[in-house]
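Let me give you the structure first, and then I'll get to my questions.
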Amino acid sequence: MADKRRKKDLTFLERIYIPEIIKGLLLTLKNMLKPKFTMQYPEEKFIPGGSYRGRPVLVQEENGEERCVACGLCSRVCPALAIEVQAAETQREKERYPEKFEINMIRCIFCGFCEEVCPEEAIVMSKDYELAFTSREDAIYGKDKLLVPVHQLKDRIEFLRSYK
Amino acid sequence: MSIWETIIFSLIKILIIVHVMLITVSYLVYFERKISAWAQNRLGPNRVGWKGLLQPFADVLKLLLKEDIVPNQANKPIHTLAPLLALFVAFTTYAVIPFGPDLKIFGYTIPLVVADINVGILYVLALTSLGVYAITFAGWSSGSKYSLLGGIRSSAQMISYEISMGFSIGGVLLLSQSLRPEAIVASQSGWMWNAILQPIGFITFLVSAFAETNRLPFDLPEAEPELVGGFHTEYSSMKFAGFFLAEYANMIIASALIVTLYLGGWQFPYLETFGLPYGWYVAISVLTFLFKEALLLFFFIWVRWSLPRFRYDQLMNLGWKVMFPLSLLNIVWVAGLIMIFKI
Ligand code: SF4
Ligand code: SF4
């Protein structure tokens, strides 16, 4: 009975292998002649879209201030314990600001939780994926490296507003 | 020719062949990587030198600089001997393969084969079976389970496939009535190629050649996913490179053998009727040989990147229940051809 045939029983044509082998060979030959997908990395760089989660950065307003209010939520939620925030006060309208904001890039796992939890949209994931350090100290990014002007982060912020 | 002249010419031929083989082997590795890359829509090595052409030298340099590790449990003399044996077998087999017609130069007639011996095919079979020892020794002397399993698989596989290989050659010998490779080439003039006269024998020989060289789909002795690296798990540095070289040298020999036995050797069909000057005739013949060889090498690599590995029992089934009867059938077929057409 035909329907009793198990799936793994091969038909005679399949069992003499040769037609199947030729099929396989033709498939690889076809692929050999197709255009390649490889990107020549250092010369040719991958430019990710808004949904890409590169290294987390702090948003810097046009007037040079950071958006962050040092609430510490990101540091609390970070599953890898990568963020350290120390709050301080100023005389400005927005009183709190982070005196010290450090992300340990060796610990960060690019989960994006910090970005998700931030009430001020102050920490977002950037498109930067070229992260290489020569020592552990270099891997701790302070405010100098984390602050990125808001106009460079438009793609991500738009993405967040439309999908979050 | 005096004995000294013979020795000098032989030495020159040996030097040329060894160097050509070494260079071919290194570029075979390069093309293996390139073709695998193309089959997977990648580019392959392209950084070292123009289009990555210096990659093989970089690879060898890297292997030379690695530490040579011998495991504590290993049997050291045999552990060292195994890669040397593999290389020895791989390079000496080439001696009897003719790669062109006689060269006439400065009044000498030089046959384009290192040793034109009348038991050439027997010599090849004997040496290739010696190749099993290299792998079995390597597996056994490493003192590691994976290596041992690889070695055992290799010997079982080679024994089962050598039988069908020998029987498929039987068909060729019936037609040429000689064990001399030169005579076998001569018996395939024009389009009387053995691959056309005895297609079954050609296929069984081709499959056994794949099994003999341990290439996919029969690379069970190595089988990275199950045996880590099989017989060469415990090898590093230049000893590992020895096995690597031997594998590719074996590929060259297997394809040279296929060309000689089944694809008309160095003969370009009906070239002698074109009335070319003799020098041109020799050059075109040698180029024809190299061209056929290159096509087969491409085929070897192409198959490797297309087919999955056989399971061990499937391999044995195929060897004993399919290949062996088929090669016998081929002998009957060839004998019938000779009876009917009196070739
Ligand atoms: S992306 Fe995840 S791991 Fe990295 S700093 Fe933010 S919360 Fe921590
Ligand atoms: S980045 Fe956002 S969550 Fe983190 S401390 Fe600043 S305001 Fe709070």
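Values quoted throughout were computed directly from the atomic coordinates according to the rules given, and no laboratory measurement underlies them. In this text the structure is predicted, and so the values were computed from the model without any measurement. Cβ coordinates were reconstructed from backbone atoms using ideal geometry, including for glycine residues, and neighbour counts include every protein chain displayed.
Of all residues in the range A:75-91 being in a loop (DSSP other than H, G, I, E, B) and exposed (fewer than 12 other Cβ atoms within 10 Å of the Cβ), which is farthest from ligand 1 (Cβ to nearest atom)?
Ranking the qualifying residues of the range A:75-91, first place goes to A:Gln91.
Next up: From (1) within 14 Å of ligand 2 (Cβ to nearest atom); (2) more than 13 Å from A:Val59 (Cβ to Cβ); (3) touching a strand residue (DSSP E or B) at 6+ places or on another chain (Cβ under 7 Å); (4) of a type outside the set (Asp, Glu), pick out the condition that doesn't hold for A:Phe113.
Tallying (1) within 14 Å of ligand 2 (Cβ to nearest atom); (2) more than 13 Å from A:Val59 (Cβ to Cβ); (3) touching a strand residue (DSSP E or B) at 6+ places or on another chain (Cβ under 7 Å); (4) of a type outside the set (Asp, Glu), A:Phe113 fails exactly one: (3).
Take the conditions more than 20 Å from the chain's Cα centre (by Cα), away from chain B (no Cβ under 14 Å), more than 16 Å from ligand 1 (Cβ to nearest atom) and over 30 Å from A:Glu158 (Cβ atoms) and apply them to A:Leu29. Does it pass?
Answer is no for this residue.
Does A:Pro42 qualify as being outside any strand (DSSP E or B) and either away from chain B (no Cβ under 14 Å) or within 18 Å of A:Leu146 (Cα to Cα) (or both)?
no
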